[in-house]
Each structure stands twice: as C-alpha cells, then as structure tokens.
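A.B. asks: Once you've had a glance at the structure underneath, I'll fire off some questions.
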Amino acid sequence: MEKDLYILGIESSCDETAASVVKNGTEIISNVVASQIESHKRFGGVVPEIASRHHVEQVTIVLEEALKQANLEPKDLDGVCVTEGPGLVGALLIGINAAKAFAFANNLPLVGVHHIAGHIYANQLMQPMEFPLLALVVSGGHTELVLMKEHGSFELIGETRDDAAGEAYDKVARVLSIPYPGGPHIDRMAHESDGAIKFPRVWLEKDSYDFSFSGLKSAVINYQHNAVQRGEEINPHHIAKGFQDSVVEVLTAKTLRAAREFNVKQVIAAGGVSANKGLRTSLEATFKEEGIPFHVPPLKLCTDNGAMIAAAGSEMYKAGVCSDLSLNGRPGMELLSWNNK
C-alpha cells in the first residue's frame with residue numbers, strides 16, 4: 001500500500017494569507033485563511049504595502065494553525081508548496097520566504113506553484129479531473145480559457161486583452177459607490193433587480209476565444225455619467241443587472257464554443273469570480289443541456305486559499321517538479337506546462 005502524501009500549501013499572492021494541509025492532492029485536512037478585506041475596504045481596493053505588512057503579521061500564525069488543525073508535526077509532511085506568482089511581488093515574497101525557511105528547517109522538498117494552476121486544481125479537491133478538460137479562469141486579474149490534456153499541461157486558448165472580469169466588476173462598483181469588493185454586491189443587486197439596462201456584448205473576432213471587458217466597463221460608466229448630467233434618476237440595480245448579463249453571456253458563450261471545438265470531457269470554472277451566482281447558474285444550465293459535465297468549487301475554494309496551492313503542488317511533487325532555495329517571487333509569471341517550467 002502506498003504511503004499517504006501530506007503537502008503543506010501556502011498562499012500570499014494578494015490579500016489573503018492562507019495555509020493548508022492536503023492529503024494525496026484531493027483531501028483537505030486543514031485550511032486556514034486570514035482575510036484582509038476590512039483593511040483594504042476603505043481604499044476601494046488592495047493597497048500592496050498594507051497587504052505585505054498583514055502577511056508578515058499573519059503568515060506564521062496561519063501556518064502553525066494549519067498544522068494544529070491537521071494534528072500533524074512538520075516531520076509528518078512530505079513537502080511544502082507556495083505560490084510563486086503571479087501576484088503582488090511584496091506579498092508573494094512573504095509567503096515564499098516563509099515556505100523556504102520552513103522547508104529548510106525541516107528538510108522538506110519545496111515546490112513553487114502558479115497561482116492560476118492552484119485555482120484550477122481547487123476542483124480536484126471536490127472530484128477527479130477528467131481529460132481533456134476546459135477551465136474557465138475568472139478572477140480579479142485573470143480571465144482565461146485553458147485547455148488541459150493531462151495533469152500539468154496548460155494550453156492557453158483565450159485570455160483577456162484588457163480588464164479582467166473581476167477588475168471590471170470592481171471598477172463598475174466604484175462608479176456606483178458600491179463597497180469593495182464590488183463583485184458580490186453587484187451579483188446580489190443583479191438578482192434583486194426587476195429590470196436591466198442593455199449594455200453591449202464584446203465578441204471580438206469571429207473565431208477568437210479572447211475576452212475584452214474594458215469597453216463594457218466604459219459603457220456602464222458613460223451611461224451613469226450621462227444620466228447624472230441630464231439630471232435623470234438612475235437605478236443602480238438595473239445597471240448591475242445589465243452589466244452582469246453582458247459579462248455572463250460572453251463568458252458562457254465562449255466557453256461553450258471552446259468546449260465543443262476541443263471535444264472536452266469536462267468543463268470547470270475557477271477563480272474568485274466563479275463564486276458569482278449569475279455565472280455559476282448560467283454555466284450549470286448551459287452544460288447540463290449540452291451534456292458535458294461541469295464543476296465549480298464551493299465558494300470557500302473559489303477565493304484564494306492554501307488548499308488549492310497544495311492540490312496543484314501535490315501533482316507537481318508526484319511529477320518530480322520541485323524548486324530549490326533560489327525560488328523567488330514572479331509577479332508576471334506565465335502559466336506554462338510543468339515540463340516547460
């Protein structure tokens with residue numbers, strides 16, 4: 001019988017300090033997250049220096065708590081995984097240096113993990129991944145369609161050319177005086193709305209799988225500004241509904257077209273925006289009708305967490321893809337297949 005694999009995952013790429021222990025790449029033993037939302041809310045977005053300082057304060061605490069909840073000692077672990085990039089460089093360095101120190105002190109292998117790979121592998125914590133699969137990654141800084149033919153194989157077939165979906169949500173929320181983070185508030189308002197403003201859908205070239213939400217964001221801002229200048233009353237719920245309808249329709253349609261073209265066995269969603277109720281409902285209904293299995297993690301695994309890093313890192317560890325103590329933060333790190341890492 002093979003020995004169980006216990007991997008510690010550390011995540012600090014933005015405004016969550018997180019650590020988790022995952023067993024065999026599929027079972028969460030512990031998952032501790034320290035959020036910074038309240039600290040950044042008054043600024044309307046993440047302030048990198050503040051984020052880094054919070055990571056310094058929290059990283060040792062969440063690491064120790066993750067081991068405590070897992071009822072494990074460092075000697076029981078098989079490896080340490082940490083987000084290498086992309087992300088805020090100061091924030092990344094806190095988690096990386098903590099992971100390096102922990103790995104060195106306990107003579108454990110070290111694995112640097114791509115943040116988006118982590119989001120994708122959050123799905124493996126709920127059910128097996130079946131290849132070929134298509135992953136729709138939607139987060140604050142990323143909107144991408146990724147084709148995977150096997151573990152660690154990432155083929156980027158579409159990406160955002162400007163604002164990612166999450167960025168567009170936050171910018172529209174700011175114009176509507178909605179608190180940060182704007183996405184959950186706009187999602188709620190859209191579901192409460194009894195009407196919607198018709199905003200454009202940006203499809204780009206006929207065969208393109210790329211995305212563009214900057215024009216949609218501008219259309220919403222211009223609508224709001226023009227209404228104010230004319231002294232017209234605006235309904236923020238109608239704006240939220242119209243904006244979300246546009247985003248969801250484009251994301252769903254392009255994901256469906258790609259799933260058909262590449263004949264995938266499974267479609268998954270990943271990233272913070274995959275927690276959006278409107279998007280989840282649309283994707284679930286679309287792929288149920290299409291007859292292609294669709295999966296999305298529970299809400300707690302959509303946002304940044306250590307378990308997703310440990311899940312991806314477990315597969316890298318099994319594939320023999322490890323790092324050394326020269327590991328450094330890579331804020332612009334590309335998502336490459338592990339054999340090209």
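The values are calculated or read from the model by the stated rules, or taken from the named source; none is laboratory data. Because the structure is a prediction, the values reported are computed rather than measured. Heads up, the Cβs are rebuilt from the backbone with ideal geometry, glycines too, and the neighbour counts pull from every protein chain shown. The area values use the complete protein model at the heavy-atom level, side chains included, leaving out ligands, DNA and RNA. Shrake-Rupley method; radii C 1.70, N 1.55, O 1.52, S 1.80 Å.
A.B. asks: Does residue 150 satisfy the condition of being touching a residue at least 24 places away in the same chain (Cβ under 8 Å) and of a type in the set (Asp, Glu)?
C.D. replies: no
A.B. asks: So which residues in the range 27-40 are in a strand (DSSP E or B) and either open to solvent by less than 50 Å² (accessible area, probe 1.4 Å) or in contact (Cβ under 8 Å) with a residue 24 or more places away in the chain (or both), if there are any at all?
C.D. replies: 27, 28, 29, 30, 31, 32, 33, 34, listed by residue number.
A.B. asks: Would you be able to say whether some residue in the range 249-256 is under 24 Å from residue 83 (Cα atoms) and of a type in the set (Gly, Ala, Ser)?
C.D. replies: Among the residues of the range 249-256, not one is under 24 Å from residue 83 (Cα atoms) and of a type in the set (Gly, Ala, Ser), which makes the answer no.
A.B. asks: Look at residue 89 and say whether it is touching a strand residue (DSSP E or B) at 6+ places or on another chain (Cβ under 8 Å), modelled with pLDDT of 95 or more, within 18 Å of residue 304 (Cα to Cα) and open to solvent by 30 Å² or more (accessible area, probe 1.4 Å).
C.D. replies: Taking the combined requirement at face value, the residue does not satisfy it.
A.B. asks: What is the number of the single condition among (1) open to solvent by 10 Å² or more (accessible area, probe 1.4 Å); (2) under 19 Å from the mean Cα position of the chain (by Cα); (3) modelled with pLDDT of 95 or more that residue 113 does not meet?
C.D. replies: Result: residue 113 passes all but (1).
A.B. asks: Do we find a residue being of a type outside the set (A, V, I, L, M, F, W, C), crowded, with 17+ Cβ neighbours inside 10 Å, more than 15 Å from residue 170 (Cα to Cα) and modelled with pLDDT of 95 or more anywhere in the range 257-264?
C.D. replies: Looking for residues that are of a type outside the set (A, V, I, L, M, F, W, C), crowded, with 17+ Cβ neighbours inside 10 Å, more than 15 Å from residue 170 (Cα to Cα) and modelled with pLDDT of 95 or more, one finds none in the range 257-264, hence no.
A.B. asks: Turning to a different aspect of this structure: Checking the structure you have, find out if any residue of the range 56-67 is over 20 Å from residue 114 (Cβ atoms), touching a His at 6+ places or on another chain (Cβ under 8 Å) and part of a helix (DSSP H, G or I).
C.D. replies: No, there is no match, as no residue in the range 56-67 is over 20 Å from residue 114 (Cβ atoms), touching a His at 6+ places or on another chain (Cβ under 8 Å) and part of a helix (DSSP H, G or I).
A.B. asks: Checking the structure you have, find out if any residue of the range 176-184 is polar (S, T, N, Q), assigned to a helix (DSSP H, G or I), out of contact with any Pro (no Cβ under 6 Å at 6 or more places or on another chain) and surrounded by fewer than 22 Cβ atoms within 10 Å (Cβ to Cβ).
C.D. replies: no
A.B. asks: So which residues in the range 62-75 are open to solvent by less than 50 Å² (accessible area, probe 1.4 Å) and in contact with a strand residue (DSSP E or B) (Cβ under 8 Å, 6 or more places away or on another chain)?
C.D. replies: 62, 63, 66, 67, 70, 72
A.B. asks: Could you list all residues from the range 132-155 that are within 19 Å of residue 278 (Cα to Cα), open to solvent by 20 Å² or more (accessible area, probe 1.4 Å) and at pLDDT 95 or above?
C.D. replies: Across the range 132-155, the qualifying residue is only 144.
A.B. asks: Can you go through 186, 234 and tell me which one is β-branched (Val, Ile, Thr) and touching a residue at least 12 places away in the same chain (Cβ under 8 Å)?
C.D. replies: Answer to the selection: 186.
A.B. asks: Still on this model: Condition (residue is open to solvent by less than 40 Å² (accessible area, probe 1.4 Å) and at positive phi) applied to the range 12-26: is it met by at least one residue?
C.D. replies: Yes, there is a match, as at least one residue in the range 12-26 is open to solvent by less than 40 Å² (accessible area, probe 1.4 Å) and at positive phi.
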